[in-house]
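Asks: The structure follows.
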Amino acid sequence: MGLNAMVSEVEVFQIVAMFIKILVVVMVCMTVPPLMVWVERRAPALIQRRKGPNRVGVFQFRIWGLMQAIADAVKLIFKEEIVPAVANRRFFHIAPMIGVIPALLTASAIPFGPDIELFGYVVPLTVINVDAGFLFILAISSLGVYGITLAGWASNNKYSLLGSLRSSAQMVSYEIPLGLSLIPLVMIFSTFKLNDIVVSQNNILGWGVFLAPISFFLFAISMFAETNRAPFDLAEADSELVAGFHTEFGSTKFALFFFAEYINMFVLSCLCATLFFGGWQIPFVSHDTVVGILQNITEDYASLLAALVGMLTLIVKAAFFMWFFVWVRWTLPRFRYDQLMGLGWKFLLPLGLFNIAFTALIIAWRTF
Amino acid sequence: MGATLLFGIFAFLIVACSLMVVLAKDSVVSAVFLVADLFVMACIYALLGADFVAAIQVLVYAGAILILFLFVIMLLNLDIVAARTNAGPLEIGMFIVVLIGFGILVVNLLLGERIELLPPGDSGLSITGKGNSYDLGLVLFSKYLWPFEMASVLILLAMVAGVLIAKRGKKKQP
Amino acid sequence: MVPFNYIIVLSAFMFFCGVFGVLFRRNIIAILMSVELMLNSVNLLFIGASKVVGNLDGQIMVFFIITVAACEAAVGLAMVIAIFRKFGSIDTDKLRVLRG
């Protein structure tokens, strides 16, 4: 057959494996926003000492309010799509897509688990396994700003435009401390590839957060600003500027923006866990120990099960950071816009530069 | 074979996007097509073995500079300006010269001698085995250290100049 | 992969579009964007040349071209803002203070 001449067996296997990985990543990313909707309503209830929505149920199964999230999703889908008459049609339809695509692309670059051995081939558990690992993530997430900018412009609405410009300026400004905080990590771990960084963090004292604490501090703050989450959510908060750049966007388009925001949060949480908290590794247990334990149970699929365990660990760590996002949102008041920009440019940027110099000095001192 | 197909797709996209950049009437449409153009260029750079530069192109060029363009267009709320209809002999002359140059290059493509690219993973393009970023860092900070420092001074100058030029003048005291 | 000649022609086409944009558009921002297009065409040529010669010099050159393009775009856009404030328009036909 002609196909055999073009692609070899290895490539067919890798292509099929890639499709399966893409499917897994997309499914995980698509279940995060509905779960987060539920968390966003029950967590503030917990923090504010009340009960959140817990009435919606199907056949008396209320599942602590998860049905509310499903009801919200169904409502969003069935709402009427309204396009304002004076809006710029082309960009109005495209903007949400431009918001979601970078979010999903960045999600595909995160290592969800260790390399697995299937049928004799080594399959890395990342869809995109480039040499310039998290540089790719930074680059693609900087394209996500276009969704917001074009959304505000397409709405042809003063408040939308102002909100979107403020949002984009904020996101672009906080990309700098984000990038600067990751440079000392590159210096310490000597690689851009995320999987190698995870593998280097074998014991708990080798975790990124202990090797580069200022980096973690900078990254944690920039994480909030990059996703337009409180306390940096002036541009899209409910009590300011109506709803910022997504005022005019109805049902499915709003759902897409919503998804983009939560997937961004999820990706940054996973990135934080990967870079600073050991990624898919369980704290005091090395990967080989896990494989050893699992080999006692089943011979063939030990590495596969170990990968599943790794995935679960990463998801638990990312879940902790998602909870952190929600916790901070419902605890801290929001920044005024000029305070926000002043913080980014006048405090975090010099701190990031100082951090790089400091880390370089320590590395030089330890080497010589 | 796959690489050639990919290059063909990217080349077609670049041709389409470049034409749309210069032919679109609305500046925002131009800017968005330029972003698409830069993104496809980054894909071609990655295909040609320059992953770090590709990432930097998206991060800096498509992700910051063009957002600056979009900001200026949106903040100034610019009207659509029609294309030039009063092109003088100077413009037409320059255009014909560039057209002739392009024609010469096309003829060279069709009839001239082929210059082959190095196959991927060649030893010249990867000095150590540790990836493009590592090698670029080695070369940048040894052979090109002076231009690197000058570039940082240049960026500082541009920042100061940008702020000064765009600042509103002081309001005169009554 | 394709021979370098194809990359030369692609880069020349982008340059050609950029020149067309600079010569035949009146909108200053469109002219600036066409200049960026020209700079990018040269970038492509450098990366391709780097792959032909087997050096990393081409990629370093692109690095610096991107830097210079960023600076020039920033200053150019600041000037556009100042021009808009003074003249109220960005149509180059209306910006005829220097006669001749």
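Asks: Can you run the Rg to Rh ratio on chain C? Use alpha carbon positions and the Kirkwood inverse-distance Rh. Show your work: numbers first, answer last.
Replies: Values: Rg = 16.8 Å, Rh = 15.2 Å.
Answer for chain C: 1.11.
Asks: Could you tally the net charge around B:A31, taking each other residue with its Cβ under 11 Å from the Cβ of B:A31, Lys/Arg +1 and Asp/Glu -1? Let's see the in-between values first.
Replies: Details: positive: none; negative: B:D26, B:D37, C:E36.
Computed value for this residue: -3.
Asks: Considering only DSSP states other than H, G, I, E and B, which chymotrypsin sites (Phe, Trp or Tyr not before Pro) in the stretch A:53-145 qualify as loop sites with at most 12 other Cβ atoms within 10 Å? Write out the running numbers ahead of the final one.
Replies: Working: sites: A:F59, A:F61, A:W64, A:F78, A:F91, A:F92, A:F112, A:F119, A:Y121, A:F134, A:F136; in loops: A:F59, A:F112, A:F119.
Answer by residue number: A:F59, A:F119.
Asks: Taking Cα centroids, how far is the stretch A:334-368 from the stretch C:1-79 in Å?
Replies: Centre-to-centre (Cα) distance: 33 Å.
Asks: A further question on this structure: Might you report the magnitude of the Cβ-based charge dipole of chain C about its Cα centre, with Lys and Arg at +1 and Asp and Glu at -1, to the nearest 20 debye?
Replies: Numbers: 8 positive and 5 negative charges, 96 e Å.
My answer is approximately 460 debye.
Asks: Charges only on Cβ, +1 for Lys and Arg, -1 for Asp and Glu: so what's the dipole of chain B about the Cα centre, in debye to the nearest 20?
Replies: Details: 10 positive and 10 negative charges, 204 e Å.
My answer is approximately 980 debye.
Asks: By the scheme Lys and Arg +1, Asp and Glu -1, what is the net charge of all other residues having a beta-carbon under 15 Å from that of A:P102? Before the final figure, lay out each step's value.
Replies: Working: positive: none; negative: A:E175, A:E226, A:E261.
Within the 15 Å Cβ shell, the charges total -3.
Asks: Using only Cα positions of chain A, each an equal point scatterer, no hydration layer, compute I(q)/I(0) via Debye at q = 0.06, 0.09, 0.11 Å⁻¹ and quote the log10 values to two decimals.
Replies: Log10 I(q)/I(0), no solvent term: -0.25, -0.57, -0.85.
Asks: Quick one: Cα centre-to-centre distance for the stretch A:153-202 and the stretch B:102-119, in angstrom?
Replies: 41 Å
Asks: Quote the relative contact order of chain A in percent (integer), defining contacts as alpha-carbon pairs under 8 Å separated by 6+ residues.
Replies: Values: 513 pairs, mean separation 77.7, N = 368.
Answer for chain A is 21 percent.
Asks: Continuing with the same structure: Convert each backbone phi in the stretch A:249-259 into a coupling constant with the Karplus relation 6.51 cos²θ - 1.76 cosθ + 1.60 (shift: θ = phi - 60°), then list the ³J(HN,Hα) values in order as whole Hz, x for Gly and Pro.
Replies: 3J(HN,Hα) across the stretch A:249-259, in whole Hz: 8, x, 1, 5, 5, 5, 4, 5, 5, 4, 4.
Asks: Can you give the helix-only mean residue ellipticity at 222 nm for the protein assembly as shown, where every DSSP H stretch with n ≥ 4 adds -39500 (n - 2.57) and the sum goes over all residues, rounded to the nearest 500 deg cm²/dmol? Before the final figure, lay out each step's value.
Replies: Numbers: 25 runs with 439 residues, N = 642.
Result for the protein assembly as shown, helices only: -23000 deg cm²/dmol.
Asks: At most 13 other Cβ atoms within 10 Å and a DSSP loop assignment: could you name the GluC sites (Glu not before Pro) in the stretch A:63-121 that fit?
Replies: Values: sites: A:E80, A:E81, A:E117; in loops: A:E80, A:E81.
Loop-located and lightly packed - A:E80, A:E81.
Asks: Near A:A255, within a Cβ-to-Cβ distance under 12 Å, what is the net charge of the other residues, with Lys and Arg +1 and Asp and Glu -1? The partial results should precede the final answer.
Replies: Values: positive: A:K75, A:K79, A:K253; negative: A:D72, A:E81, A:E261.
Result for the local shell: 0.
Asks: Out of A:P114, A:L351, A:L104, whose Cα points farthest toward the positive end of the dipole of chain A (charges: +1 Lys, Arg; -1 Asp, Glu; placed on Cβ)?
Replies: So the residue furthest toward the plus end is A:L351.
Asks: Please list, ordered by chain and number, the residues whose modelled amide H lies under 5 Å from the amide H of A:L118; skip anything fewer than 5 residues away on the same chain.
Replies: So A:L118 has HN proximity to A:V123.
Asks: Cut-off under 29 Å on the C-alpha distance; same-chain residues fewer than 8 positions from A:K193 excluded. Which lysines are left, in chain and number order?
Replies: A:K21, A:K317, B:K130, B:K143, C:K51
Asks: Any lysines with Cα under 25 Å of the A:K51 Cα? List them, leaving off those in the same chain fewer than 8 positions away.
Replies: Qualifying lysines at Cα under 25 Å: A:K75.
Asks: Calculate the dipole size of the protein assembly as shown relative to its Cα centre from +1 charges on Lys and Arg beta carbons and -1 charges on Asp and Glu beta carbons; express the result in debye to the nearest 20.
Replies: Details: 41 positive and 37 negative charges, 574 e Å.
The calculated dipole for the protein assembly as shown is roughly 2760 debye.
Asks: Okay, moving on. Taking 7 Å along the Cα-to-C-beta vector as the label spot, tell me the B:E116-A:F19 distance in nanometres, rounded to one decimal.
Replies: 3.5 nm
Asks: Also, quick follow-up: Two-decimal Rg/Rh of the protein assembly as shown from alpha-carbon positions, Kirkwood Rh? Don't skip to the answer; put the middle values down first.
Replies: Values: Rg = 26.0 Å, Rh = 26.8 Å.
Radius of gyration relative to Kirkwood radius: 0.97.
Asks: Any idea what the relative contact order of the stretch A:1-160 is, in percent, if you count C-alpha pairs under 8 Å spaced at least 6 apart? Intermediate results must be reported in sequence, preceding the final value.
Replies: Details: 144 pairs, mean separation 35.0, N = 160.
Taking the mean separation of contacting Cα pairs over the length of the stretch A:1-160, I get 22 percent.
Asks: Considering Cα pairs under 8 angstrom that are at least six residues apart, work out the relative contact order of chain B and quote it in whole percent.
Replies: Numbers: 77 pairs, mean separation 29.0, N = 174.
Relative CO of chain B lands at 17 percent.
Asks: With the dipole of chain A worked out from charges on the C-beta (+1 for Lys and Arg, -1 for Asp and Glu) around the Cα centre, which of A:S251, A:L138, A:A306 lies farthest toward the positive end?
Replies: Farthest towards the positive pole: A:S251.
Asks: Shifting gears a bit: Pull up the cross-link candidates among the aspartates and glutamates for A:K253, meaning alpha carbon to alpha carbon under 12 Å and not fewer than 8 places away within one chain.
Replies: Within the straight-line limit of under 12 Å, A:K253 reaches these aspartates and glutamates: A:E80, A:E81.
Asks: Now for a separate question. State the extension gain, in nm to one decimal, for the chain segment bounded by A:Q339 and A:K79, taking 0.36 nm per residue of separation less the distance between their alpha-carbons.
Replies: 89.9 nm
We did not get these values from a lab; they are worked out from the coordinates using the rules stated. Keep in mind that what you see is a predicted model, and the values were worked out from it rather than measured. Virtual Cβ from ideal backbone geometry, glycine too; neighbours counted across all protein chains shown.
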